[in-house]
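Q: This is the structure I want to talk about, given as C-alpha coordinates.
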Amino acid sequence: MISGSKAAGWWEDAVVYEVYPRSFQDSDGDGIGDLRGIESRLPYLEWLGVDAIWLAPIYPSPLDDYGYDVADHAAVAPEYGNLSDLDSLIAAAHERGIRVLLDLVASHTSIEHPWFRERPDYYVWADGPEPPNNWIASFGGSAWSRDPETGRLYLHSFFPEQPDLDWGNPEVRRAMGDVVRFWIARGVDGFRIDAVDRLAKDLELRSEPRASVPFALPLHPEAMALDPIYSRNAAEIAVALAALREAAGGAPLIGEVYLPAPLLGPYLEHLDAVFAFDLLHADWDPEALGRAVERSREAGAVAWVTSNHDFPRVASRWGAANARAAAVLLLTLGGIAFVYQGEEIGMADGPGADPPLDRYGRDAFRGPMQWSGDRDVGFTAGEPWLPLADPEALNVESQRADPGSILHLFRALIRMRRELDGKPERVSAADGVLAFRRGRHLVAINATDEVQPVPGAGDPLLGSAAGVTELAGADRMLAPHAAVVLLSS
Ligand code: GLC
(Lines give C-alpha, C1' and ligand atoms only; values in the text may rest on other atoms or scores of the structure.)
Protein backbone atom coordinates (compact mmCIF):
# COMPACT_ATOMS: atom_id res chain seq x y z
CA MET A 1 0.00 0.00 0.00
CA ILE A 2 1.27 3.44 -0.87
CA SER A 3 0.93 5.75 2.08
CA GLY A 4 -0.75 9.10 1.55
CA SER A 5 -1.61 8.66 -2.09
CA LYS A 6 -4.15 6.91 -4.24
CA ALA A 7 -3.35 3.37 -5.27
CA ALA A 8 -5.01 1.19 -7.89
CA GLY A 9 -6.89 -1.63 -6.29
CA TRP A 10 -9.74 -4.04 -5.89
CA TRP A 11 -12.44 -1.35 -5.72
CA GLU A 12 -12.01 -0.12 -9.28
CA ASP A 13 -14.59 -2.52 -10.64
CA ALA A 14 -16.18 -3.58 -7.36
CA VAL A 15 -19.82 -4.16 -6.62
CA VAL A 16 -20.43 -2.50 -3.26
CA TYR A 17 -23.64 -3.38 -1.44
CA GLU A 18 -25.08 -0.63 0.74
CA VAL A 19 -26.26 -1.97 4.07
CA TYR A 20 -28.59 0.34 5.97
CA PRO A 21 -27.91 -1.27 9.35
CA ARG A 22 -31.18 -0.33 11.04
CA SER A 23 -33.17 -2.13 8.36
CA PHE A 24 -31.03 -5.07 7.26
CA GLN A 25 -31.33 -7.83 9.86
CA ASP A 26 -32.27 -7.78 13.52
CA SER A 27 -30.68 -10.49 15.68
CA ASP A 28 -32.17 -9.75 19.10
CA GLY A 29 -35.84 -9.04 18.52
CA ASP A 30 -35.81 -5.31 19.31
CA GLY A 31 -37.04 -4.49 15.80
CA ILE A 32 -33.80 -2.70 14.87
CA GLY A 33 -31.17 -4.23 12.61
CA ASP A 34 -27.75 -4.81 14.16
CA LEU A 35 -24.19 -5.94 13.45
CA ARG A 36 -24.77 -9.56 14.44
CA GLY A 37 -27.71 -9.59 12.09
CA ILE A 38 -25.49 -8.35 9.27
CA GLU A 39 -22.92 -11.02 10.06
CA SER A 40 -25.60 -13.70 9.89
CA ARG A 41 -26.47 -12.61 6.35
CA LEU A 42 -22.91 -12.74 4.98
CA PRO A 43 -23.52 -16.15 3.33
CA TYR A 44 -26.31 -14.49 1.32
CA LEU A 45 -24.06 -11.61 0.28
CA GLU A 46 -21.34 -14.05 -0.74
CA TRP A 47 -23.87 -16.02 -2.78
CA LEU A 48 -24.96 -12.77 -4.45
CA GLY A 49 -21.32 -12.11 -5.28
CA VAL A 50 -20.72 -8.60 -3.96
CA ASP A 51 -17.12 -7.49 -3.37
CA ALA A 52 -17.77 -5.18 -0.44
CA ILE A 53 -20.38 -3.80 1.89
CA TRP A 54 -20.77 -0.17 2.87
CA LEU A 55 -22.34 0.24 6.29
CA ALA A 56 -24.34 3.47 6.63
CA PRO A 57 -23.46 5.03 10.03
CA ILE A 58 -23.18 2.59 12.93
CA TYR A 59 -22.07 5.16 15.52
CA PRO A 60 -23.81 6.44 18.65
CA SER A 61 -26.30 9.08 17.59
CA PRO A 62 -29.36 10.86 18.95
CA LEU A 63 -30.96 10.01 15.57
CA ASP A 64 -31.93 13.52 14.54
CA ASP A 65 -30.65 12.44 11.13
CA TYR A 66 -30.78 8.68 11.70
CA GLY A 67 -27.09 8.22 12.38
CA TYR A 68 -25.71 11.02 10.21
CA ASP A 69 -25.60 13.04 13.40
CA VAL A 70 -22.65 11.30 15.02
CA ALA A 71 -22.09 11.68 18.77
CA ASP A 72 -18.92 9.55 18.87
CA HIS A 73 -17.01 8.66 15.72
CA ALA A 74 -15.01 5.85 17.30
CA ALA A 75 -17.74 3.69 18.85
CA VAL A 76 -20.72 1.55 17.88
CA ALA A 77 -24.28 2.56 18.81
CA PRO A 78 -25.53 0.18 21.53
CA GLU A 79 -28.59 -0.80 19.50
CA TYR A 80 -26.25 -2.09 16.77
CA GLY A 81 -23.84 -3.91 19.11
CA ASN A 82 -20.33 -3.07 20.20
CA LEU A 83 -16.79 -2.89 18.88
CA SER A 84 -16.22 -6.61 19.27
CA ASP A 85 -19.34 -7.31 17.19
CA LEU A 86 -17.83 -5.10 14.53
CA ASP A 87 -14.47 -6.89 14.77
CA SER A 88 -16.33 -10.16 14.38
CA LEU A 89 -18.31 -8.87 11.37
CA ILE A 90 -15.14 -7.60 9.67
CA ALA A 91 -13.29 -10.87 10.26
CA ALA A 92 -16.23 -12.96 9.02
CA ALA A 93 -16.66 -10.74 5.95
CA HIS A 94 -12.96 -10.99 5.14
CA GLU A 95 -13.10 -14.77 5.40
CA ARG A 96 -15.69 -14.71 2.66
CA GLY A 97 -13.70 -12.27 0.54
CA ILE A 98 -16.03 -9.34 1.29
CA ARG A 99 -14.49 -5.98 2.19
CA VAL A 100 -16.07 -3.57 4.66
CA LEU A 101 -16.43 0.18 4.10
CA LEU A 102 -17.66 2.51 6.82
CA ASP A 103 -19.45 5.82 6.41
CA LEU A 104 -17.28 8.74 7.43
CA VAL A 105 -19.49 11.65 8.42
CA ALA A 106 -16.84 14.33 8.30
CA SER A 107 -18.58 17.59 7.52
CA HIS A 108 -20.54 17.86 10.76
CA THR A 109 -21.24 16.12 14.05
CA SER A 110 -24.26 15.75 16.28
CA ILE A 111 -24.87 18.73 18.50
CA GLU A 112 -24.55 16.16 21.29
CA HIS A 113 -20.99 15.28 20.33
CA PRO A 114 -18.75 16.28 23.27
CA TRP A 115 -16.69 18.41 20.89
CA PHE A 116 -19.52 20.90 20.54
CA ARG A 117 -19.09 22.00 24.16
CA GLU A 118 -15.48 21.03 24.78
CA ARG A 119 -14.00 22.26 21.50
CA PRO A 120 -16.14 25.10 20.18
CA ASP A 121 -13.17 26.09 18.01
CA TYR A 122 -13.91 22.95 15.93
CA TYR A 123 -17.13 24.56 14.63
CA VAL A 124 -18.15 27.58 12.54
CA TRP A 125 -19.62 30.49 14.50
CA ALA A 126 -20.91 33.99 13.85
CA ASP A 127 -21.82 36.83 16.16
CA GLY A 128 -24.49 39.41 15.67
CA PRO A 129 -28.24 39.68 15.71
CA GLU A 130 -28.71 38.22 12.22
CA PRO A 131 -27.13 35.34 10.32
CA PRO A 132 -24.10 36.55 8.36
CA ASN A 133 -25.50 35.31 5.04
CA ASN A 134 -28.52 33.83 3.24
CA TRP A 135 -27.36 30.21 3.15
CA ILE A 136 -30.09 27.59 3.23
CA ALA A 137 -29.66 24.23 4.95
CA SER A 138 -30.10 21.11 2.78
CA PHE A 139 -33.31 20.27 4.62
CA GLY A 140 -34.67 23.84 4.37
CA GLY A 141 -34.50 26.93 6.57
CA SER A 142 -31.49 29.08 7.41
CA ALA A 143 -28.16 27.26 7.71
CA TRP A 144 -27.57 29.26 10.92
CA SER A 145 -29.09 28.57 14.33
CA ARG A 146 -28.52 30.17 17.69
CA ASP A 147 -26.89 28.14 20.42
CA PRO A 148 -29.07 28.82 23.46
CA GLU A 149 -26.13 28.35 25.82
CA THR A 150 -23.75 30.90 24.35
CA GLY A 151 -26.20 32.99 22.34
CA ARG A 152 -23.91 32.68 19.30
CA LEU A 153 -24.93 31.51 15.82
CA TYR A 154 -23.46 28.30 14.44
CA LEU A 155 -23.46 26.98 10.90
CA HIS A 156 -25.26 23.75 9.96
CA SER A 157 -25.55 22.57 6.36
CA PHE A 158 -28.17 19.99 7.39
CA PHE A 159 -30.48 19.88 10.46
CA PRO A 160 -29.81 22.37 13.30
CA GLU A 161 -28.76 19.33 15.39
CA GLN A 162 -25.81 18.84 12.98
CA PRO A 163 -23.31 21.68 13.46
CA ASP A 164 -20.69 21.94 10.70
CA LEU A 165 -17.05 21.32 11.54
CA ASP A 166 -14.48 23.98 10.66
CA TRP A 167 -12.02 22.12 8.45
CA GLY A 168 -9.88 25.25 8.30
CA ASN A 169 -8.82 24.33 11.83
CA PRO A 170 -5.81 21.98 11.60
CA GLU A 171 -6.93 20.29 14.82
CA VAL A 172 -10.18 19.22 13.16
CA ARG A 173 -8.15 17.72 10.34
CA ARG A 174 -6.01 15.87 12.86
CA ALA A 175 -8.99 14.67 14.92
CA MET A 176 -10.81 13.30 11.88
CA GLY A 177 -7.56 11.77 10.61
CA ASP A 178 -7.38 9.96 13.97
CA VAL A 179 -10.89 8.59 13.37
CA VAL A 180 -9.82 7.22 9.99
CA ARG A 181 -6.68 5.65 11.48
CA PHE A 182 -8.70 4.14 14.34
CA TRP A 183 -11.01 2.25 11.98
CA ILE A 184 -8.30 1.19 9.58
CA ALA A 185 -6.38 -0.29 12.52
CA ARG A 186 -9.51 -2.35 13.29
CA GLY A 187 -9.52 -3.82 9.82
CA VAL A 188 -11.91 -1.51 7.96
CA ASP A 189 -11.06 -1.48 4.24
CA GLY A 190 -12.16 2.01 3.23
CA PHE A 191 -14.79 4.71 3.54
CA ARG A 192 -17.74 6.30 1.87
CA ILE A 193 -17.33 9.96 2.84
CA ASP A 194 -20.52 11.87 3.53
CA ALA A 195 -21.35 15.35 2.22
CA VAL A 196 -17.91 16.06 0.76
CA ASP A 197 -19.03 19.19 -1.09
CA ARG A 198 -19.82 20.74 2.32
CA LEU A 199 -16.45 20.15 3.99
CA ALA A 200 -15.36 23.75 3.48
CA LYS A 201 -17.12 26.97 2.55
CA ASP A 202 -16.33 30.41 1.27
CA LEU A 203 -13.87 31.92 3.75
CA GLU A 204 -15.69 35.27 3.67
CA LEU A 205 -19.10 33.59 4.17
CA ARG A 206 -20.56 35.60 1.27
CA SER A 207 -24.29 35.37 0.49
CA GLU A 208 -25.29 33.21 -2.45
CA PRO A 209 -26.60 34.97 -5.56
CA ARG A 210 -30.10 34.10 -6.75
CA ALA A 211 -30.12 31.14 -9.13
CA SER A 212 -30.49 32.08 -12.79
CA VAL A 213 -30.83 28.46 -13.86
CA PRO A 214 -31.95 25.66 -11.55
CA PHE A 215 -29.22 23.56 -9.90
CA ALA A 216 -28.76 20.42 -12.00
CA LEU A 217 -29.63 18.02 -9.15
CA PRO A 218 -32.76 18.17 -6.98
CA LEU A 219 -32.48 20.30 -3.83
CA HIS A 220 -34.93 21.47 -1.19
CA PRO A 221 -37.19 24.04 -2.91
CA GLU A 222 -35.86 26.91 -0.75
CA ALA A 223 -32.29 26.02 -1.68
CA MET A 224 -33.25 25.85 -5.37
CA ALA A 225 -33.80 29.62 -5.39
CA LEU A 226 -30.10 30.27 -4.75
CA ASP A 227 -26.97 29.45 -6.70
CA PRO A 228 -24.87 27.55 -4.11
CA ILE A 229 -21.46 28.85 -5.15
CA TYR A 230 -20.30 29.81 -1.66
CA SER A 231 -21.78 27.15 0.64
CA ARG A 232 -20.68 24.19 -1.50
CA ASN A 233 -17.67 23.19 -3.56
CA ALA A 234 -15.12 25.59 -1.98
CA ALA A 235 -11.51 25.22 -3.15
CA GLU A 236 -10.40 24.56 0.47
CA ILE A 237 -12.18 21.20 0.39
CA ALA A 238 -9.00 19.90 -1.27
CA VAL A 239 -7.08 20.62 1.96
CA ALA A 240 -9.58 18.58 3.97
CA LEU A 241 -9.46 15.71 1.49
CA ALA A 242 -5.67 15.72 1.46
CA ALA A 243 -5.73 15.25 5.25
CA LEU A 244 -8.19 12.36 4.96
CA ARG A 245 -6.14 10.80 2.19
CA GLU A 246 -3.01 10.99 4.27
CA ALA A 247 -4.74 9.25 7.17
CA ALA A 248 -6.33 6.61 4.91
CA GLY A 249 -3.14 5.68 3.06
CA GLY A 250 -4.11 3.44 0.16
CA ALA A 251 -7.58 2.56 1.49
CA PRO A 252 -10.31 3.58 -0.95
CA LEU A 253 -12.22 6.78 -0.30
CA ILE A 254 -15.49 7.17 -2.16
CA GLY A 255 -17.04 10.58 -1.94
CA GLU A 256 -20.64 11.64 -1.75
CA VAL A 257 -20.20 14.86 -3.68
CA TYR A 258 -23.68 16.15 -4.39
CA LEU A 259 -22.77 18.20 -7.44
CA PRO A 260 -23.46 17.85 -11.15
CA ALA A 261 -20.97 15.71 -13.04
CA PRO A 262 -18.98 18.55 -14.68
CA LEU A 263 -17.91 19.73 -11.20
CA LEU A 264 -16.70 16.35 -9.93
CA GLY A 265 -13.29 16.11 -11.59
CA PRO A 266 -11.19 18.02 -9.01
CA TYR A 267 -12.46 15.78 -6.19
CA LEU A 268 -10.69 12.84 -7.79
CA GLU A 269 -7.31 14.30 -6.97
CA HIS A 270 -7.66 12.81 -3.47
CA LEU A 271 -10.69 10.51 -3.70
CA ASP A 272 -10.75 7.18 -5.51
CA ALA A 273 -14.26 7.65 -6.83
CA VAL A 274 -17.28 9.92 -6.49
CA PHE A 275 -20.93 8.98 -6.88
CA ALA A 276 -22.55 9.87 -10.19
CA PHE A 277 -25.79 11.48 -9.01
CA ASP A 278 -26.59 12.66 -12.54
CA LEU A 279 -27.52 9.07 -13.39
CA LEU A 280 -29.59 8.50 -10.26
CA HIS A 281 -31.63 11.64 -11.03
CA ALA A 282 -31.96 11.15 -14.80
CA ASP A 283 -35.41 10.41 -16.21
CA TRP A 284 -35.94 6.89 -17.50
CA ASP A 285 -35.40 8.00 -21.05
CA PRO A 286 -32.56 6.85 -23.30
CA GLU A 287 -31.39 10.38 -24.10
CA ALA A 288 -31.36 11.52 -20.48
CA LEU A 289 -29.71 8.32 -19.28
CA GLY A 290 -27.16 8.34 -22.09
CA ARG A 291 -26.21 11.96 -21.41
CA ALA A 292 -25.90 11.30 -17.68
CA VAL A 293 -23.59 8.34 -18.30
CA GLU A 294 -21.49 10.32 -20.76
CA ARG A 295 -21.15 13.41 -18.54
CA SER A 296 -20.33 11.30 -15.50
CA ARG A 297 -17.73 9.26 -17.35
CA GLU A 298 -16.02 12.45 -18.49
CA ALA A 299 -15.55 13.39 -14.82
CA GLY A 300 -13.31 10.34 -14.30
CA ALA A 301 -13.68 7.54 -11.77
CA VAL A 302 -17.34 7.60 -10.86
CA ALA A 303 -19.21 5.13 -8.69
CA TRP A 304 -22.51 4.27 -10.38
CA VAL A 305 -25.50 4.39 -8.10
CA THR A 306 -29.20 4.19 -8.91
CA SER A 307 -30.61 4.34 -5.40
CA ASN A 308 -29.64 4.76 -1.77
CA HIS A 309 -31.23 5.56 1.59
CA ASP A 310 -31.89 9.19 0.57
CA PHE A 311 -33.97 8.83 -2.58
CA PRO A 312 -36.97 6.87 -3.85
CA ARG A 313 -36.15 3.34 -4.88
CA VAL A 314 -35.74 2.33 -8.52
CA ALA A 315 -39.11 0.56 -8.71
CA SER A 316 -40.84 3.67 -7.35
CA ARG A 317 -38.83 6.21 -9.34
CA TRP A 318 -38.25 4.55 -12.72
CA GLY A 319 -41.16 2.14 -12.38
CA ALA A 320 -41.38 -1.51 -11.37
CA ALA A 321 -41.56 -2.48 -15.06
CA ASN A 322 -38.07 -0.99 -15.57
CA ALA A 323 -36.38 -2.37 -12.45
CA ARG A 324 -34.73 -5.27 -14.28
CA ALA A 325 -33.48 -3.14 -17.14
CA ALA A 326 -32.17 -0.63 -14.57
CA ALA A 327 -30.19 -3.46 -12.94
CA VAL A 328 -28.64 -4.28 -16.30
CA LEU A 329 -27.70 -0.63 -16.77
CA LEU A 330 -26.17 -0.24 -13.30
CA LEU A 331 -24.11 -3.40 -13.54
CA THR A 332 -22.83 -3.18 -17.10
CA LEU A 333 -21.42 0.35 -17.09
CA GLY A 334 -18.00 -0.67 -15.75
CA GLY A 335 -16.21 0.87 -12.77
CA ILE A 336 -17.64 0.74 -9.27
CA ALA A 337 -21.34 -0.03 -8.86
CA PHE A 338 -23.30 0.46 -5.65
CA VAL A 339 -26.35 -1.70 -4.99
CA TYR A 340 -28.67 -0.52 -2.23
CA GLN A 341 -30.08 -3.33 -0.07
CA GLY A 342 -33.43 -4.57 -1.34
CA GLU A 343 -32.93 -3.38 -4.92
CA GLU A 344 -31.83 -6.89 -5.81
CA ILE A 345 -35.33 -8.16 -5.05
CA GLY A 346 -37.00 -5.18 -6.70
CA MET A 347 -38.31 -3.58 -3.51
CA ALA A 348 -40.35 -0.41 -3.95
CA ASP A 349 -40.71 2.39 -1.41
CA GLY A 350 -42.44 1.26 1.76
CA PRO A 351 -45.31 2.83 3.68
CA GLY A 352 -42.92 4.79 5.94
CA ALA A 353 -43.91 5.71 9.48
CA ASP A 354 -46.93 7.63 10.71
CA PRO A 355 -46.10 10.07 12.16
CA PRO A 356 -42.85 10.27 10.16
CA LEU A 357 -39.55 9.51 11.86
CA ASP A 358 -37.19 11.19 9.42
CA ARG A 359 -38.03 14.89 9.30
CA TYR A 360 -36.96 15.09 5.65
CA GLY A 361 -39.43 12.43 4.55
CA ARG A 362 -37.08 9.55 3.71
CA ASP A 363 -38.65 6.76 5.82
CA ALA A 364 -40.24 5.14 2.77
CA PHE A 365 -36.81 4.45 1.21
CA ARG A 366 -35.48 2.80 4.35
CA GLY A 367 -38.01 0.06 5.08
CA PRO A 368 -36.74 -3.28 6.41
CA MET A 369 -35.21 -5.88 4.13
CA GLN A 370 -37.72 -8.49 3.05
CA TRP A 371 -36.06 -11.82 3.69
CA SER A 372 -39.09 -14.06 3.79
CA GLY A 373 -42.79 -13.98 3.06
CA ASP A 374 -43.51 -14.61 6.71
CA ARG A 375 -43.46 -11.25 8.46
CA ASP A 376 -42.34 -12.79 11.74
CA VAL A 377 -39.33 -14.74 10.58
CA GLY A 378 -37.60 -12.40 8.21
CA PHE A 379 -36.15 -9.09 9.32
CA THR A 380 -37.08 -9.33 13.00
CA ALA A 381 -38.89 -11.51 15.50
CA GLY A 382 -40.14 -8.30 17.14
CA GLU A 383 -41.93 -5.17 15.98
CA PRO A 384 -39.96 -3.62 13.08
CA TRP A 385 -38.89 0.01 13.64
CA LEU A 386 -40.39 0.86 10.22
CA PRO A 387 -43.20 -1.19 8.67
CA LEU A 388 -42.40 -3.71 5.96
CA ALA A 389 -43.97 -3.01 2.59
CA ASP A 390 -44.93 -6.26 0.88
CA PRO A 391 -42.77 -9.19 1.98
CA GLU A 392 -45.41 -11.67 0.78
CA ALA A 393 -44.94 -10.35 -2.76
CA LEU A 394 -41.19 -9.70 -2.75
CA ASN A 395 -38.74 -11.58 -0.60
CA VAL A 396 -35.31 -13.17 -0.81
CA GLU A 397 -36.45 -16.67 0.09
CA SER A 398 -38.92 -17.11 -2.74
CA GLN A 399 -36.71 -15.34 -5.28
CA ARG A 400 -33.73 -17.55 -4.46
CA ALA A 401 -35.88 -20.51 -5.37
CA ASP A 402 -36.93 -18.91 -8.68
CA PRO A 403 -34.22 -18.77 -11.37
CA GLY A 404 -36.32 -16.24 -13.30
CA SER A 405 -36.38 -13.70 -10.42
CA ILE A 406 -34.78 -10.26 -10.40
CA LEU A 407 -32.54 -11.58 -7.61
CA HIS A 408 -31.07 -14.18 -9.96
CA LEU A 409 -30.68 -11.48 -12.62
CA PHE A 410 -28.60 -9.37 -10.19
CA ARG A 411 -26.46 -12.39 -9.37
CA ALA A 412 -25.92 -13.25 -13.03
CA LEU A 413 -25.01 -9.63 -13.82
CA ILE A 414 -22.51 -9.48 -10.97
CA ARG A 415 -20.79 -12.54 -12.43
CA MET A 416 -20.99 -11.46 -16.04
CA ARG A 417 -19.74 -7.89 -15.57
CA ARG A 418 -16.18 -9.12 -15.03
CA GLU A 419 -16.12 -10.16 -18.68
CA LEU A 420 -17.02 -6.73 -20.04
CA ASP A 421 -14.05 -4.53 -20.93
CA GLY A 422 -13.52 -0.94 -21.77
CA LYS A 423 -15.58 2.18 -21.24
CA PRO A 424 -19.21 2.26 -22.38
CA GLU A 425 -19.41 3.72 -25.91
CA ARG A 426 -22.88 4.79 -26.97
CA VAL A 427 -24.16 3.26 -30.21
CA SER A 428 -27.11 4.47 -32.22
CA ALA A 429 -30.38 2.66 -31.73
CA ALA A 430 -34.10 3.04 -32.32
CA ASP A 431 -35.87 5.82 -30.43
CA GLY A 432 -36.55 4.61 -26.93
CA VAL A 433 -33.56 2.28 -26.86
CA LEU A 434 -30.32 2.99 -25.00
CA ALA A 435 -27.42 0.99 -26.36
CA PHE A 436 -23.73 1.00 -25.63
CA ARG A 437 -20.77 -1.16 -26.46
CA ARG A 438 -18.17 -2.43 -24.02
CA GLY A 439 -15.49 -4.03 -26.15
CA ARG A 440 -17.13 -6.99 -27.88
CA HIS A 441 -20.27 -6.75 -25.77
CA LEU A 442 -23.33 -4.75 -26.67
CA VAL A 443 -25.84 -3.72 -24.00
CA ALA A 444 -29.30 -2.65 -25.20
CA ILE A 445 -32.10 -1.35 -23.02
CA ASN A 446 -35.63 -0.83 -24.26
CA ALA A 447 -37.14 2.02 -22.26
CA THR A 448 -40.50 1.82 -24.02
CA ASP A 449 -43.51 -0.44 -23.66
CA GLU A 450 -43.29 -1.61 -27.25
CA VAL A 451 -41.08 -4.18 -28.95
CA GLN A 452 -38.00 -2.54 -30.51
CA PRO A 453 -35.25 -3.75 -32.84
CA VAL A 454 -31.95 -4.89 -31.31
CA PRO A 455 -29.32 -2.38 -32.49
CA GLY A 456 -26.60 -4.82 -33.58
CA ALA A 457 -25.71 -8.42 -34.20
CA GLY A 458 -24.36 -10.97 -31.76
CA ASP A 459 -25.20 -13.85 -29.50
CA PRO A 460 -27.53 -12.81 -26.69
CA LEU A 461 -25.76 -13.80 -23.48
CA LEU A 462 -28.11 -12.44 -20.89
CA GLY A 463 -31.64 -11.11 -20.90
CA SER A 464 -33.44 -9.19 -18.20
CA ALA A 465 -36.38 -11.62 -18.09
CA ALA A 466 -37.61 -14.93 -19.44
CA GLY A 467 -37.83 -14.96 -23.22
CA VAL A 468 -35.75 -11.81 -23.80
CA THR A 469 -32.62 -13.57 -25.06
CA GLU A 470 -34.66 -15.90 -27.29
CA LEU A 471 -36.52 -12.98 -28.88
CA ALA A 472 -33.29 -11.01 -29.32
CA GLY A 473 -31.54 -14.04 -30.85
CA ALA A 474 -34.19 -15.38 -33.19
CA ASP A 475 -36.08 -12.23 -34.19
CA ARG A 476 -33.48 -9.55 -33.28
CA MET A 477 -36.18 -7.80 -31.25
CA LEU A 478 -36.13 -6.43 -27.75
CA ALA A 479 -39.21 -7.02 -25.62
CA PRO A 480 -40.87 -4.01 -23.91
CA HIS A 481 -38.90 -2.72 -20.86
CA ALA A 482 -36.27 -5.41 -21.47
CA ALA A 483 -32.51 -5.33 -21.61
CA VAL A 484 -30.10 -7.69 -23.27
CA VAL A 485 -26.34 -8.21 -23.41
CA LEU A 486 -24.97 -9.56 -26.70
CA LEU A 487 -21.52 -10.81 -27.62
CA SER A 488 -20.52 -9.96 -31.15
CA SER A 489 -18.92 -12.76 -33.09
C1 GLC B 1 -25.81 12.47 3.23
C2 GLC B 1 -26.53 11.24 3.76
C3 GLC B 1 -27.86 11.66 4.27
C4 GLC B 1 -27.65 12.65 5.38
C5 GLC B 1 -26.78 13.83 4.96
C6 GLC B 1 -26.27 14.60 6.12
O7 GLC B 1 -26.45 13.04 2.16
O8 GLC B 1 -26.59 10.26 2.76
O9 GLC B 1 -28.63 10.57 4.69
O10 GLC B 1 -28.89 13.14 5.82
O11 GLC B 1 -25.64 13.40 4.26
O12 GLC B 1 -25.30 13.88 6.84
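Q: Do you know which residues across the range 331-366 are farther than 22 Å from Ala483 by Cα, touching a residue at least 40 places away in the same chain (Cβ under 8 Å) and open to solvent by 10 Å² or more (accessible area, probe 1.4 Å)?
A: Asp349, Leu357, Arg359, Tyr360, Arg362, Ala364, Phe365
Q: For residues that are closer than 25 Å to Val179 by Cβ and within 16 Å of the ligand (Cβ to nearest atom), tally how many sit in the range 116-140.
A: Summing the residues that are closer than 25 Å to Val179 by Cβ and within 16 Å of the ligand (Cβ to nearest atom) in the range 116-140 gives 6.
Condition check ((1) away from the ligand (no atom under 16 Å from the Cβ); (2) over 18 Å from Arg232 (Cα atoms); (3) part of a loop (DSSP other than H, G, I, E, B); (4) charged (D, E, K, R)) across all residues:
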position	(1), (2), (3), (4)
Glu171	yes, yes, no, yes
Arg174	yes, yes, no, yes
Gly177	yes, yes, no, no
Phe182	yes, yes, no, no
Val188	yes, yes, yes, no
Asp197	no, no, no, yes
Lys201	no, no, yes, yes
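Q: Then there is this: Anything in the range 10-36 that is open to solvent by less than 10 Å² (accessible area, probe 1.4 Å) and on the phi > 0 side of the Ramachandran plot? List them, or say none.
A: Gly31
One line per residue, one yes/no per condition, for (1) outside any loop (DSSP other than H, G, I, E, B); (2) open to solvent by 80 Å² or more (accessible area, probe 1.4 Å):
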{"residue": "Leu409", "(1), (2)": "yes, no"}
{"residue": "Ala412", "(1), (2)": "yes, no"}
{"residue": "Arg418", "(1), (2)": "yes, yes"}
{"residue": "Gly422", "(1), (2)": "no, no"}
{"residue": "Leu434", "(1), (2)": "yes, no"}
{"residue": "Ala444", "(1), (2)": "yes, no"}
{"residue": "Glu450", "(1), (2)": "no, yes"}
{"residue": "Leu462", "(1), (2)": "yes, no"}
{"residue": "Ala466", "(1), (2)": "no, yes"}
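Q: Across the range 150-169, which residue is farthest from the ligand (Cβ to nearest atom) among those that are more than 15 Å from Asp121 (Cβ to Cβ) and in contact (Cβ under 8 Å) with a residue 24 or more places away in the chain?
A: If we take residues in the range 150-169 being more than 15 Å from Asp121 (Cβ to Cβ) and in contact (Cβ under 8 Å) with a residue 24 or more places away in the chain, then Leu153 is farthest from the ligand (Cβ to nearest atom).
Q: Filter the range 77-105 for residues that are in a loop (DSSP other than H, G, I, E, B) and of a type outside the set (A, V, I, L, M, F, W, C) and give the result.
A: Pro78, Glu79, Tyr80, Gly81, Asn82, Arg96, Gly97
Q: Moving to a separate point now. With within 16 Å of the ligand (Cβ to nearest atom) and at pLDDT 95 or above as the only criterion, which of Gly352, Gly346, Gly404, Gly382 stands out?
A: Gly352 is the lone residue from the list that is within 16 Å of the ligand (Cβ to nearest atom) and at pLDDT 95 or above.
Q: Filter the range 210-235 for residues that are over 23 Å from Asp283 (Cα atoms), crowded, with 17+ Cβ neighbours inside 10 Å and aliphatic (A, V, I, L, M) and give the result.
A: Leu226, Ala234
Q: Which residue out of Ala143, Ala92 is away from the ligand (no atom under 16 Å from the Cβ), surrounded by 15 or more Cβ atoms within 10 Å (Cβ to Cβ), in contact (Cβ under 8 Å) with a residue 40 or more places away in the chain and on the phi < 0 side of the Ramachandran plot?
A: Ala92
Q: Working only within the range 273-287, note down all residues that are open to solvent by 10 Å² or more (accessible area, probe 1.4 Å), touching a helix residue (DSSP H, G or I) at 6+ places or on another chain (Cβ under 9 Å) and more than 9 Å from Ala261 (Cβ to Cβ).
A: His281, Ala282, Asp283, Trp284
Q: Return the only residue of Ser110, Ser157 being in contact with a strand residue (DSSP E or B) (Cβ under 8 Å, 6 or more places away or on another chain), among the hydroxyl-bearing types (Ser, Thr, Tyr), surrounded by 22 or more Cβ atoms within 10 Å (Cβ to Cβ) and part of a loop (DSSP other than H, G, I, E, B).
A: Selected residue: Ser157, the only one of Ser110, Ser157 that is in contact with a strand residue (DSSP E or B) (Cβ under 8 Å, 6 or more places away or on another chain), among the hydroxyl-bearing types (Ser, Thr, Tyr), surrounded by 22 or more Cβ atoms within 10 Å (Cβ to Cβ) and part of a loop (DSSP other than H, G, I, E, B).
Q: Restricting attention to the range 325-381, report how many residues are in contact with a Leu (Cβ under 8 Å, 6 or more places away or on another chain) and of a type in the set (D, E, K, R).
A: Residues flagged as in contact with a Leu (Cβ under 8 Å, 6 or more places away or on another chain) and of a type in the set (D, E, K, R) within the range 325-381 amount to 4.
Q: Something else about it: Quick one: is Ala247 open to solvent by less than 20 Å² (accessible area, probe 1.4 Å), touching a residue at least 12 places away in the same chain (Cβ under 8 Å) and part of a loop (DSSP other than H, G, I, E, B)?
A: No.
Q: Moving on to the next point. Within the range 308-319, is even one residue more than 24 Å from Trp11 (Cβ to Cβ) and part of a loop (DSSP other than H, G, I, E, B)?
A: The answer is yes; a qualifying residue exists.
Q: Look at the range 41-76 and say how many of its residues are of a type in the set (A, V, I, L, M), part of a loop (DSSP other than H, G, I, E, B), under 21 Å from the mean Cα position of the chain (by Cα) and within 16 Å of the ligand (Cβ to nearest atom).
A: Result for the range 41-76: 4.
Q: Do the conditions hold for Ala327, that is, is it touching a residue at least 12 places away in the same chain (Cβ under 8 Å), buried (at least 19 other Cβ atoms within 10 Å of the Cβ) and closer than 21 Å to Gly439 by Cβ?
A: Judged against the criteria, Ala327 is a match.
The values are calculated or read from the model by the stated rules, or taken from the named source; none is laboratory data. Here the structure is a predicted model, which is why all the values come from computation and not from measurement. A quick note on method: Cβ atoms are made from the backbone with ideal geometry, for glycine too, and the neighbour counts reach across all protein chains shown. SASA here: full protein model, heavy atoms, side chains in, ligands and nucleic acids out. Shrake-Rupley method; radii C 1.70, N 1.55, O 1.52, S 1.80 Å.
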